[in-house]
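Colleague: Handing you a structure now.
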């Protein structure tokens with residue numbers, strides 16, 4: 001009887017030791033690979049920024065191509081540039097979860113269903129001798145099943161869309177996941193996000209845009225079978241280009257005061 005107990009005890013001890021060793025190995029590997037993961041995440045972000053801005057040359061060196069892009073930190077509370085943190089390593093998603101680095105939104109303000117808006121955001125610019133050629137802004141908001149994270153690129157007039165795309169979401173493939181469809185993304189190119197009064201006017205319509213409609217320049221086709229995701233995209237674009245997002249910053253840039 002005692003022999004059986006001893007065998008069971010040894011088995012449990014061996015199992016625990018194996019689990020402990022495996023845990024140590026996995027933890028060590030995670031720590032060792034962390035810098036590589038961060039580097040790959042930054043590289044993927046740069047690739048997405050270049051793609052959405054229409055600057056990506058497939059097969060080319062992403063880092064070399066990204067040299068034409070300038071990253072700057074913006075204080076969303078003032079609408080002005082800030083040097084408080086490194087814009088390339090600043091984690092906007094984590095900042096939004098930190099009460100000390102974000103603002104709780106009132107229900108009437110929170111049209112993108114994000115609850116908190118971070119105090120700072122990293123924007124990306126392509127400039128030429130005449131000034132800003134392209135402005136790329138980070139955007140996010142809730143769709144049907146998930147928060148969508150992406151970028152919207154504007155021309156130098158700061159109101160005409162160059163491109164829009166999402167690099168992270170969990171929407172239903174074939175439905176809300178159609179936000180990744182190149183044909184739908186292409187529809188955003190050339191759309192005007194502000195009306196003559198400077199109000200955010202971009203709309204994702206149900207069905208297809210009527211080209212004879214005077215507001216057609218502000219409208220994008222809805223996603224078939226994904227009404228709530230379409231509304232979510234419309235809401236998050238309106239939020240981030242409005243007064244609680246980048247609106248004040250874009251006004252300051254346009255007036256040469258950022």
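The values are calculated or read from the model by the stated rules, or taken from the named source; none is laboratory data. Values in this document were obtained by computation on a predicted structure and should not be read as measured data. Cβ placement follows ideal geometry from the backbone for every residue including glycine, while neighbour counts extend to all protein chains displayed.
Colleague: Of all residues in the stretch 197-209, count the ones that are under 13 Å from residue 224 (Cβ atoms) and either modelled with pLDDT under 90 or in a loop (DSSP other than H, G, I, E, B) (or both).
Modeller: Qualifying residue count, the stretch 197-209: 3.
Colleague: Could you please let me know if residue 212 is in a loop (DSSP other than H, G, I, E, B), under 30 Å from residue 170 (Cβ atoms) and either at pLDDT below 95 or out of contact with any helix residue (DSSP H, G or I) (no Cβ under 9 Å at 6 or more places or on another chain) (or both)?
Modeller: It is false that residue 212 is in a loop (DSSP other than H, G, I, E, B), under 30 Å from residue 170 (Cβ atoms) and either at pLDDT below 95 or out of contact with any helix residue (DSSP H, G or I) (no Cβ under 9 Å at 6 or more places or on another chain) (or both).
Colleague: Collect the residues in the stretch 118-158 that are within 14 Å of the chain's Cα centre (by Cα), without any contact (Cβ under 8 Å) to a residue 40 or more places away in the chain and either surrounded by 22 or more Cβ atoms within 10 Å (Cβ to Cβ) or in a loop (DSSP other than H, G, I, E, B) (or both), keeping them in residue-number order.
Modeller: 146 - this is the single residue of the stretch 118-158 that is within 14 Å of the chain's Cα centre (by Cα), without any contact (Cβ under 8 Å) to a residue 40 or more places away in the chain and either surrounded by 22 or more Cβ atoms within 10 Å (Cβ to Cβ) or in a loop (DSSP other than H, G, I, E, B) (or both).
Colleague: Is the stretch 169-189 home to any residue that is surrounded by 18 or more Cβ atoms within 10 Å (Cβ to Cβ) and either in contact (Cβ under 8 Å) with a residue 60 or more places away in the chain or under 17 Å from residue 239 (Cα atoms) (or both)?
Modeller: For the stretch 169-189, residues surrounded by 18 or more Cβ atoms within 10 Å (Cβ to Cβ) and either in contact (Cβ under 8 Å) with a residue 60 or more places away in the chain or under 17 Å from residue 239 (Cα atoms) (or both): present.
Colleague: A further question on this structure: Quick one: how many residues across the stretch 167-196 are within 25 Å of residue 40 (Cβ to Cβ) and in a strand (DSSP E or B)?
Modeller: Summing the residues that are within 25 Å of residue 40 (Cβ to Cβ) and in a strand (DSSP E or B) in the stretch 167-196 gives 2.
Colleague: Could you check residue 96 against (1) touching a residue at least 40 places away in the same chain (Cβ under 8 Å); (2) under 13 Å from the mean Cα position of the chain (by Cα); (3) under 19 Å from residue 246 (Cα atoms) and say which number it fails?
Modeller: Unmet for residue 96, out of (1) touching a residue at least 40 places away in the same chain (Cβ under 8 Å); (2) under 13 Å from the mean Cα position of the chain (by Cα); (3) under 19 Å from residue 246 (Cα atoms): (1).
Colleague: Further question on the same structure: Which members of the stretch 81-93 meet the condition of being surrounded by 13 or more Cβ atoms within 10 Å (Cβ to Cβ), closer than 21 Å to residue 239 by Cα and touching a residue at least 12 places away in the same chain (Cβ under 8 Å)?
Modeller: 81, 92
Colleague: Now for a separate question. If you scan the stretch 215-242, which residues turn out to be without any contact (Cβ under 8 Å) to a residue 40 or more places away in the chain and either in contact with a helix residue (DSSP H, G or I) (Cβ under 9 Å, 6 or more places away or on another chain) or in a helix (DSSP H, G or I) (or both)?
Modeller: Correct list: 216, 217, 218, 220, 221, 222, 227, 230, 231, 234.
Colleague: What number goes with the only condition from (1) surrounded by fewer than 13 Cβ atoms within 10 Å (Cβ to Cβ); (2) touching a residue at least 12 places away in the same chain (Cβ under 8 Å) that residue 108 does not pass?
Modeller: It fails just one condition, (2).
Colleague: I'm checking my understanding of the structure. Among residues of the stretch 102-117 that are assigned to a strand (DSSP E or B) and in contact with a helix residue (DSSP H, G or I) (Cβ under 8 Å, 6 or more places away or on another chain), which one is nearest to residue 246 (Cα to Cα)?
Modeller: Taking the candidates together, the pick is 117.
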